[in-house]
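Participant: Have a look at this one before I ask anything.
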Amino acid sequence: MNKKLLTVNDAKKLDIGTVQEFYKNHISKSQLNFFKNFTFGNDVIQKAEGSYIYTSNKKILDLTGGIGVLNHGHNNKKILDERICFQEEKRMEVHKLFFSQYLAALSYNIAQILPGDLNRSFFPNSGAEAIEGAIKLAYKYYSGKRKYILHSDISFHGKTIAAASISGSEEINFDYQKISGVDKFIFNNFESLKKKVYEIKQKNEDCYAIIIEPLSASTLRKSDNDFLTQARDLCDKENIILIYDEIYSGWCKTGHLFNFLRSDTIPDILVYAKSFGGGKASISGYTTRDHIMLKAYDNSDDFSLQSSTYNGFGEECITAIEAINLIIENNYEKKSLENGETLRKILEETKKKFPNIIDEIRGSGSFYGFTLNNPFNEKIENLITQFIPIKTYRDKNFFKKLLCASIINQLYQDKNILTFGSFASDILFKVSPAIEIDKKDLEEFEIGLINVLKIGSLNLIGNFLKYKFSKK
Ligand SMILES: Cc1ncc(COP(=O)(O)O)c(C=O)c1O
């Protein structure tokens, strides 16, 4: 081959024009066109540390927390040190024929921190893969004799075929062919859940599992403690496996180590990911009760049904061990709840100043957001929509999305503050900072947000559109 390949050093030096060109030609033109609308889509990042990211000339306060991954902040020193040490000692990363002391230690630690007999774990890489594993485990537990799994109407569990099949959220906006035996209930509505379970029984069928997000990460809506208790009782009565998805809400993101610990329920399978990898390792997991794992897989024919090439890699496991130790030693639970108090106060004060923009404040711990009011009255909306393609306008949330995107862009452009939004069934402006964030950084966010909202909805949207068209 006589074509020249880029080295890692070449990659580090690519300018934004070349990066965008490579995205256009080798990744996705539409992805490029979408993110180019935002100021951050036109920056290249040099490095990241704690709650900050750096371009060649800007220091940006990252309040996205890596969308759930960065409870420990960017490049946490203790996590980096453990990884460097592991590499320098030339530890064996993978060999499926030897037992791994790292995998053993991580599984042991997880069993120590989780309640009840949640003792048996498996560690793949992505959240969706862990969800797939949980579905498969529950199905196998009933030897394929039970056919149904129930999920909520606003759930998001990932983008692989099985995880997407049980995702009610509009985040999955294409109707993929689903796995069979899937039905949905209304989020946080026990009557709806119970009705589904007994409708299925009337057909002489049974549910093998019910999957719940104790806190829905896409919408920041909470399942009430009563709902969780009733769901747990129903699962006990009907021998249904209860799965909690804490992929985003886990590891103290919403205050407690896991969000479900605010209730007195314990799931049969707990699924987690994101900050489990300390912002450095691609590792997820599910943990189940002894009898479930023993019946499903613990026999000589079936134990290998649960494995994948990269599951339980050494460096991923030691990173998760360190990540968990830091969470416990540094009392992330307390820190996250304190961040939550500050964030709630900031957002409530800001809402008082801008009630026409901020609608409902939602969240808990280091994960907050607000829904937005429609920026236009009906008359102005009708006027503007004359110039908008029909398909776009049919989206009832179009103007809220536009306003949310405009706030996010202005905060970044004027204040060097990175935030994000959720554009599923509810449009939410979100902040999800690292748990290790300084209080002064949250105060900087408060000042930045107030100054940006002072610009007013119409001007914010105008600025955003001006920026968008300048990048065409
Ligand atoms: C609640 C929840 N479940 C599942 C997933 C899927 O995880 P992953 O993107 O790692 O596949 C996500 C990702 O954002 C999530 O927030």
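What follows draws every value from the coordinates through simple rules; no lab data is involved. Everything quoted here is computed from the prediction, not taken from an experiment. Cβ atoms come from the backbone with ideal geometry, glycine included; neighbour counts cover every protein chain shown.
Participant: What's the tally of Lys pairs in region 166-254 whose alpha-carbon atoms lie under 27 angstrom apart, where the two lysines are 8 or more places apart or on different chains?
Facilitator: Summing the qualifying lysine pairs gives 26.
Participant: Taking the Cα centre of region 77-329 as the origin, how large is its charge dipole in debye, to the nearest 20, when only Lys and Arg (+1) and Asp and Glu (-1) carry charge on their Cβ atoms?
Facilitator: Charge dipole, region 77-329, about its Cα centre: 300 debye, nearest 20.
Participant: Over region 270-428, consider all pairs of different Cα atoms and compute the Kirkwood hydrodynamic radius from their mean reciprocal separation; express it in Å, one decimal.
Facilitator: 20.1 Å
Participant: Quick one: if the Förster radius is 30 Å, what FRET efficiency do residue 183 and residue 294 give, using the C-beta to C-beta distance and rounding to 0.05? Show your work: numbers first, answer last.
Facilitator: Numbers: r = 28 Å, r/R0 = 0.95.
E between residue 183 and residue 294, to the nearest 0.05, is 0.60.
Participant: With +1 on the Cβ of every Lys and Arg and -1 on the Cβ of every Asp and Glu, and nothing else charged, how large is the dipole of the chain about its Cα centre, in debye rounded to the nearest 20?
Facilitator: 1640 debye
Participant: Still on this model: Exposure proxy check: 1, 293, 92 ranked by fewest other beta carbons within 10 Å?
Facilitator: The order, fewest Cβ neighbours first, is 1, 92, 293.
Participant: Please determine, in degrees from 0 to 90 and to the nearest 10, the orientation of helix 314-329 with respect to the longest principal axis defined by the Cα atoms of the chain, where the helix direction is its Cα long axis.
Facilitator: Its long axis makes an angle of about 80 degrees.
Participant: At q = 0.17, 0.19 Å⁻¹, what base-10 log of I(q)/I(0) does the Debye formula yield for region 283-358 when every alpha carbon is treated as an equal point scatterer in vacuo?
Facilitator: -0.85, -0.93
Participant: Calculated FRET efficiency, residue 226 and residue 3, Cβ-Cβ r, R0 51 Å, to nearest 0.05? Could you put the intermediate results ahead of the total?
Facilitator: On the way: r = 63 Å, r/R0 = 1.23.
It comes out at approximately 0.20.
Participant: Here's a follow-up. Kindly rank 356-369, 241-254 from highest to lowest mean number of other beta carbons found within 10 Å of each residue.
Facilitator: The densest-packed peptide leads the list: 241-254, 356-369.
Participant: How far, in nm, would the chain grow between residue 22 and residue 145 when pulled straight, counting 0.36 nm per residue and subtracting the alpha carbon separation?
Facilitator: 39.4 nm
Participant: Over all Cα pairs of the chain, how is the pair count split among 10 Å bins, expressed in % and running from 0 up to the last occupied bin?
Facilitator: 4, 18, 28, 27, 17, 6, 1
Participant: In whole Å, what are the extents of region 217-315 along the principal axes defined by its C-alpha atoms, from largest to smallest?
Facilitator: Result for region 217-315: principal-axis Cα extents of 40, 37, 19 Å.
Participant: Given points 7 Å out from each Cα along the Cα-Cβ axis, report the residue 176 to residue 204 separation in nanometres with one decimal.
Facilitator: Roughly 3.3 nm, to one decimal.
Participant: Once every DSSP H run of n ≥ 4 in the chain is given -39500 (n - 2.57) and the sum is divided by its residues, what mean residue ellipticity at 222 nm do you get, rounded to the nearest 500 deg cm²/dmol?
Facilitator: Using -39500 (n - 2.57) per qualifying helix, the result is -13500 deg cm²/dmol.
Participant: Which whole number of Å³ per residue matches the convex hull of the alpha-carbon atoms in region 77-329?
Facilitator: Output value, Cα hull per residue: 126 Å³.
Participant: Next question, about the same structure. May I ask you to sort 294, 193, 449 by Cβ crowding, counting other Cβ atoms within 10 Å and putting the fewest first?
Facilitator: Ascending number of Cβ neighbours within 10 Å: 294, 193, 449.
Participant: How high is the relative contact order of the chain? Use alpha-carbon pairs under 8 Å, at least six apart in sequence, and give a whole percent.
Facilitator: Here the relative contact order equals 20 percent.
Participant: Let me check I've understood the local charge: for residue 60, count other residues with C-beta under 14 angstrom from its C-beta, Lys and Arg +1, Asp and Glu -1. What total comes out?
Facilitator: Working: positive: 47, 58, 59, 415; negative: 43, 49, 62, 414, 441, 444.
After counting each charged neighbour, the total is -2.
Participant: Right, another one. Could you tell me the extents of region 174-217's C-alpha atoms along the three principal axes, largest first, rounded to whole Å?
Facilitator: The principal-axis extents, from largest down, are 34, 28, 15 Å.
Participant: Net charge within 14 Å of residue 354 by Cβ-Cβ distance, Lys/Arg positive one each and Asp/Glu negative one each, not counting residue 354 itself?
Facilitator: Values: positive: 351, 352, 353, 454; negative: 348, 349, 359, 360, 446.
Residues near residue 354 contribute -1 overall.
Participant: Within the set of other residues whose C-beta is less than 14 Å from the C-beta of residue 234, count the net charge using Lys and Arg as +1 and Asp and Glu as -1.
Facilitator: That works out to -2.
Participant: Pairing the Cα long axis of helix 190-202 with the longest principal axis of the chain, what angle in degrees results, from 0 to 90 and rounded to the nearest 10?
Facilitator: 50 degrees
Participant: Let me ask something else about it. Over what distance in Å are the Cα centres of region 40-86 and region 7-31 separated?
Facilitator: Region 40-86 and region 7-31 have Cα centres spaced 20 Å from each other.
Participant: Compute the relative contact order of region 178-253 as a whole-number percentage, counting only Cα pairs closer than 8 Å that sit 6 or more residues apart in sequence.
Facilitator: Reported as a whole number, the value is 31 percent.
Participant: Give the shape of region 245-300 as rounded, prolate or oblate, defined through the alpha-carbon gyration tensor: a ≥ b ≥ c are the square roots of its eigenvalues, a/c under 1.5 means rounded, and otherwise the shape is prolate if a/b is larger than b/c and oblate if not.
Facilitator: oblate
Participant: Still on this structure: Given contacts defined as C-alpha pairs under 8 Å and at least six residues apart, what's the relative contact order of region 77-329, whole-number percent?
Facilitator: Working: 466 pairs, mean separation 68.9, N = 253.
Relative contact order here is 27 percent.
Participant: Let me ask something additional. Using only the Cα atoms of region 1-60, what semi-axes does the equivalent ellipsoid have when each is the square root of 5 times a gyration tensor eigenvalue? Give whole Å, largest first. Intermediate results must be reported in sequence, preceding the final value.
Facilitator: Values: eigenvalues 105, 63, 13 Å².
For region 1-60, the ellipsoid semi-axes come out as 23, 18, 8 Å.
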